[in-house]
Amino acid sequence: MKIALEKSLALPVGADAGWKLVENIPDIAACMPGAQITERVDETHFKGTMTVKLGPATVVFRGEIEVASLDAAGRTIHVLGKGADVTGGSGASLDLTAQVRETGAQACELAGRSEVNVTGKVAAFGSRLMSTVTDQLLKIFFANVLAKAQALQSAAPPPVPEKLNGLALIWAVIKEFACSLFGRMKAG
Amino acid sequence: MDQTVQNSGRLEKLEGIGCARKRREDPRFIQGKGTYVDDVKLPGMLFGVMVRSPYAHARITKIDTEKAKAHPGVHAVLTAEDLKPLKLHWMPTLAGDVQAVLADGKVSFQNQEIAFVVADDRYVAADAAELVEIEYEELPAIVDPNHSMDADAPVIRPDLDGKDVGAHGKRRHHNHIFNWQVGDKDKTDRAFADAPVTVKQDMFYPRVHPCPLETCGSVASFDPVRGELTVWITSQAPHVVRTVVGLLSGIPESKIRIISPDIGGGFGNKVGVYPGYVASIVASIVLGRPVKWIESRSENLSSTAFARDYWMTGELAADENGKIRALRVNVVADHGAFDACADPTKWPAGMFHVCTGSYDIPNAHVSVDGVYTNKFPGGVAYRCSFRVTEAVYVIERMIDVLAQKLGLDKAEIRRRNFIRAEQFPYHTPLGLEFDSGNYGPALEKVLQAVDYEALRAEQAQKRADPDCPTLMGIGICTFTEIVGAGPSKSCDILGIGMFDSCEIRVHPDSSAIARMGTMTQGQGHQTTYAQIIATEAGIPASGIAVEEGDTSTAPYGLGTYGSRSTPVGGAAVARAARKIREKARKIAAHLLEVSADDLDFDLDGFKVKGDPSKTKSMKEIAWAAYNNVPDGMEMGLEAVEYYDPPNFTFPFGAYLTVLDITKKTGETKVRRFYALDDCGTRINPMIIEGQIHGGLTEGFAVAMGQEMPYDEQGNLLGATLLDYFVPTSMETPHWETDFTVTPSPHHPIGAKGVAESPHVGSIPCFSNAVMDAFAHLGVTHFNMPYNNWKIWRQAQALGL
């Protein structure tokens, strides 16, 4: 199944500082809950893992990330990822373009557009949860990026990124689901 | 004792045709004492688990089985490379295609079988299956069959590269399987061009799954010393499996024994031969130990034999009064990645050409294109004869669409088009000969039973009231099925004619054993076949043991599917019993010292014409068969019959349902479902009623909830019972049943078959009722399943 996402986040730092955050792959990856860069193969290729909790199941994806293009002048990065879960039952691919746009002297916007494709058991069994879980992961990701940016702004040492908290995530998913039901009822 | 009372006592004891005899199968089932494949446990038995593809379409670049092989308790990990030297990595399908047993360099549907891990038990095997490392190069998948033949469509079957001709004629694209046409195209086109009224409707019959409670499985046990292979298997057609296994393995059929034990529901899902069966057999041959393979629920729902997936366009041409002049149907049939349809060899779209239905339609033309997609293979008859559900659906929907266009009542348009009783045997424009029918009275009986006029009046009142919170839909379906495949001149599977067989041995004490080539899976053969023998040979049913499913003891038969047991197997039973009766007549004549012509058969024995005091019972005759037979006669009382039917049989029915739909929620309630079936001579009314209840419930399931949704990448999103709708008693409506009796003139006892009619007839009945609810708002069709969500969306779209 295909999940297309388009999100943006206002950061309280200048565009150049914002870009520095983004172009550092291991650092930015660490902001994503459950994600980890395990090996830098060369300048543009990385290996990593991503742990996702989908309801009662935990899936560990192992894969490769390729920086397909990195345009420092345009502050744009294009990343391709591909992985499979360690049990071989699911596959995933990612096509992400992120751009840092200047919005003020000490303000910028991180805009991302991504397409995630999931196949196998995760898609077959997790389709209902997928977009809600993705949404929650992104919220945590953005909170982590924002915290890093704020730390940059105050020149304090960067905080330890927020870890994936299973219970909190489950609660958020339930809350989101309940809201969506309520929203649907209102729409009706 | 009074003669009538005495006769009625004898009749009761016989429990013959027409008696509501209790099912002989039930005591073991309701006590949990059935023996299913998973109950078979042999010394030293190992367990196999399939490693399956997460991708719908991908090239396999590497398979590493080392870690799995090193896992404690693992005995073997088979891949296509291991099967290649044995030439078992591909197998023939029943449809004349081939199917990969284990993926040969490429996967073409999600959950396709890639490797078979054999271990001490299923848990170890499942753990080790996760250690098989496979690398894939993903390829674009085709999910929508309407795009299978696009110019730039990816090649699903490179093994067919360059083959312009398939098992069913010319292929015009690399993803094309066949084009099958029947009827006179020119005459039909002319009839359409000249007709004052024409209607056309696209409709999609979704991919569904028979979903039997017991999944598929096998236990293979190869004896290397004797060179004999025994396989316990969930098969509706054990003899066909033996032939396929023999063809594949090179082992002579005399050294292969296929045993179908109790089957927990088949509904077409257990007709085919699956990779798991073959893998367990190979593993047993390689390892010299028994190997069991049992599917999980999700494996069953995602890899073994789906049904339907037909994209149909129906057209009718008619005069202003609604008299139909022509029918035209075009179909795109999604067969998945391999053509593993279970149809008679010469009929790639099965009996779809029964689609002129119960109506006297002078011209018709049908064209079906079968195509490959990246979905699992199948296309079986899910509780129906081959593609008959699709055929009945298209004509029953179209006649309603026509009625709607003409503003005609939906019962009235049927009356105007029915084949009349005096037209039988009726030759359809698509080449079939309907044996018997009496459609008009059946419909009138139903209309009267439900007070149709009052229902229509209530509906009109509700439609006129804008504040009415509900919509009311009345659905009618007057279907004709075609069952009992079939005459060997037109029907075969793998070159074997679709006859069926029966062997009866009457013991000296007059009890008997009867064996058949069919295979019961809930139809109650142990009960009903004994009833046929009781009536035909005069032996009480309680003394007759019925055995099926063991190829070492049963005569060769083509199995049970497509409602063929009664029309073909049942006919063989009746004729074998008559052979017993005729030999018994000669023995009785010898014992009574009269001519055989002077004897009348009388329930359970013979009496001399004109002297009813001189009689010989079957009990006395059976004893004499083993010690006192006429000169020149062989001892014993046995008979064998291989019955090749002269024609199909054509059961029919008239169904009516009333639905109440809540406009604001889409909630749909079945207020009433009245089903009248005519299956010819009724062997056991209680079993018929049970079969009808089962068929209606599965029809309700298909119409109101079942589907196998795929996303664009070919991920199957409904392969669990969380998603796939299997109705329980909570959801199932109340069924009202009724019957008429129009015997088949060519069947020995006039029976036609019944188990599938209610499935075939109820689905369009539900569709017609849903459309009828929305008809006054201009809706002619939307696709199944009619879950509350879909109905609600339709109501919303209309601003209700």
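The values are calculated or read from the model by the stated rules, or taken from the named source; none is laboratory data. Predicted model, so just to flag it, every value in this text is computed and none were measured. All Cβ positions, glycine included, derive from the backbone under ideal geometry; neighbour counts span all protein chains shown.
Do we have B:Lys663 as under 29 Å from the mean Cα position of the chain (by Cα), surrounded by fewer than 19 Cβ atoms within 10 Å (Cβ to Cβ) and within 26 Å of B:Cys477 (Cβ to Cβ) here?
For B:Lys663, the condition - under 29 Å from the mean Cα position of the chain (by Cα), surrounded by fewer than 19 Cβ atoms within 10 Å (Cβ to Cβ) and within 26 Å of B:Cys477 (Cβ to Cβ) - is not met.
What number of residues within the stretch B:474-509 satisfy the criterion of being crowded, with 23+ Cβ neighbours inside 10 Å and either over 16 Å from the mean Cα position of the chain (by Cα) or of a type in the set (Asp, Glu) (or both)?
Of the residues in the stretch B:474-509, 13 are crowded, with 23+ Cβ neighbours inside 10 Å and either over 16 Å from the mean Cα position of the chain (by Cα) or of a type in the set (Asp, Glu) (or both).
Would you check if A:Gly48 is within 13 Å of chain B (Cβ to nearest Cβ) and surrounded by 18 or more Cβ atoms within 10 Å (Cβ to Cβ)?
So A:Gly48 fails the test.
For the stretch B:9-26, check the following and say yes or no: at least one residue is hydrophobic (A, V, I, L, M, F, W, C), in a helix (DSSP H, G or I) and in contact (Cβ under 8 Å) with a residue 40 or more places away in the chain.
yes
Out of B:Ala76, B:Ala56, B:Ala68, which single residue is buried (at least 24 other Cβ atoms within 10 Å of the Cβ) and either touching a residue at least 12 places away in the same chain (Cβ under 8 Å) or in a loop (DSSP other than H, G, I, E, B) (or both)?
Only one candidate qualifies: B:Ala56.
Table: residues versus (1) more than 14 Å from chain A (Cβ to nearest Cβ); (2) under 24 Å from the mean Cα position of the chain (by Cα).
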| residue | (1), (2) |
| --- | --- |
| B:Met704 | yes, yes |
| B:Glu712 | no, no |
| B:Glu736 | yes, yes |
| B:Glu756 | yes, yes |
| B:Ala769 | yes, no |
| B:Ala773 | yes, no |
| B:Asn783 | yes, yes |
| B:Asn787 | yes, no |
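Only residues that are in a loop (DSSP other than H, G, I, E, B) and over 19 Å from A:Val60 (Cα atoms): list them for the stretch A:1-37, please.
A:Pro12, A:Val13, A:Gly14, A:Asn24
Filter the stretch B:139-152 down to the residues that are buried (at least 23 other Cβ atoms within 10 Å of the Cβ) and either within 14 Å of chain A (Cβ to nearest Cβ) or among the polar types (S, T, N, Q) (or both) and list them by number.
B:Ala141, B:Ser148
I'd like the full set of residues that are closer than 30 Å to A:Leu129 by Cβ and not in a strand (DSSP E or B), limited to the stretch A:38-92.
Within the stretch A:38-92, A:Gly55, A:Pro56, A:Val86, A:Thr87, A:Gly88, A:Gly89 meet the criteria.
Kindly list the number of the only condition in (1) free of Cβ contacts under 8 Å to residues at least 24 places away in the same chain; (2) in contact with a helix residue (DSSP H, G or I) (Cβ under 9 Å, 6 or more places away or on another chain) that fails for B:Gln796.
All conditions pass for B:Gln796, except number (2).
Please indicate, with yes or no, whether at least one residue in the stretch B:279-286 is part of a loop (DSSP other than H, G, I, E, B) and within 24 Å of B:Gly227 (Cβ to Cβ).
The answer is no, given that none of the residues of the stretch B:279-286 is part of a loop (DSSP other than H, G, I, E, B) and within 24 Å of B:Gly227 (Cβ to Cβ).
Tell me which residues, restricted to the stretch B:358-382, are assigned to a loop (DSSP other than H, G, I, E, B) and either modelled with pLDDT under 95 or over 17 Å from B:Val331 (Cα atoms) (or both).
B:Ser358, B:Asp360, B:Ile361, B:Pro362, B:Asn374, B:Lys375, B:Phe376, B:Pro377, B:Ala381, B:Tyr382
Would the stretch B:578-586 turn up any residue that is assigned to a helix (DSSP H, G or I) and over 21 Å from B:Ile749 (Cβ atoms)?
Checked the stretch B:578-586: at least one residue is assigned to a helix (DSSP H, G or I) and over 21 Å from B:Ile749 (Cβ atoms).
Quick check on my filter: what residues within the stretch B:435-453 are surrounded by 19 or more Cβ atoms within 10 Å (Cβ to Cβ) and in a loop (DSSP other than H, G, I, E, B)?
Matches in the stretch B:435-453: B:Asp435, B:Ser436, B:Gly437.
Listed here are the residues, each with its yes/no results for (1) in a helix (DSSP H, G or I); (2) under 30 Å from B:Leu603 (Cα atoms).
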{"position": "B:Ala485", "(1), (2)": "no, no"}
{"position": "B:Ser488", "(1), (2)": "no, no"}
{"position": "B:Ser501", "(1), (2)": "no, yes"}
{"position": "B:Ser510", "(1), (2)": "no, yes"}
{"position": "B:Arg515", "(1), (2)": "no, yes"}
{"position": "B:Ile533", "(1), (2)": "yes, yes"}
{"position": "B:Glu536", "(1), (2)": "yes, yes"}
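Residue-wise test of (1) away from every other protein chain (no Cβ under 14 Å); (2) under 21 Å from A:Val122 (Cβ atoms); (3) touching a helix residue (DSSP H, G or I) at 6+ places or on another chain (Cβ under 9 Å).
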{"position": "A:Lys2", "(1), (2), (3)": "no, yes, no"}
{"position": "A:Glu6", "(1), (2), (3)": "yes, no, no"}
{"position": "A:Trp19", "(1), (2), (3)": "yes, no, no"}
{"position": "A:Glu23", "(1), (2), (3)": "yes, no, no"}
{"position": "A:Ile28", "(1), (2), (3)": "yes, no, yes"}
{"position": "A:Ile37", "(1), (2), (3)": "yes, no, yes"}
{"position": "A:Glu66", "(1), (2), (3)": "yes, no, no"}
{"position": "A:Ala73", "(1), (2), (3)": "yes, no, no"}
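Given B:Arg581, B:Arg585, which one is touching a residue at least 40 places away in the same chain (Cβ under 8 Å), closer than 16 Å to B:Lys619 by Cβ, surrounded by fewer than 24 Cβ atoms within 10 Å (Cβ to Cβ) and in contact with a strand residue (DSSP E or B) (Cβ under 9 Å, 6 or more places away or on another chain)?
Every option except B:Arg581 fails the conditions.
For B:Leu83, work out the one condition from (1) more than 14 Å from chain A (Cβ to nearest Cβ); (2) in a loop (DSSP other than H, G, I, E, B) it doesn't fulfil.
Only one criterion is unmet by B:Leu83, namely (2).
Search the stretch B:768-784 for residues being surrounded by fewer than 20 Cβ atoms within 10 Å (Cβ to Cβ) and of a type outside the set (Ser, Thr, Tyr), and hand back the single one that is farthest from B:Lys410 (Cα to Cα).
Per the criteria, the residue is B:Asn783.
What number of residues within the stretch A:75-95 satisfy the criterion of being surrounded by fewer than 22 Cβ atoms within 10 Å (Cβ to Cβ) and away from chain B (no Cβ under 14 Å)?
3
What do you reckon, is B:Ser552 touching a residue at least 24 places away in the same chain (Cβ under 8 Å) and either under 18 Å from B:Pro27 (Cβ atoms) or surrounded by fewer than 24 Cβ atoms within 10 Å (Cβ to Cβ) (or both)?
Yes: the conditions hold for B:Ser552.
Counting only residues that are farther than 28 Å from A:Gly81 by Cα and surrounded by fewer than 20 Cβ atoms within 10 Å (Cβ to Cβ), which one in the stretch B:123-138 is nearest to the other protein chains (Cβ to nearest Cβ)?
Filtering first and then ranking leaves B:Ala126.
Restricting to the stretch A:108-136, name every residue that is assigned to a helix (DSSP H, G or I) and away from every other protein chain (no Cβ under 14 Å).
A:Thr132, A:Val133, A:Thr134, A:Asp135, A:Gln136
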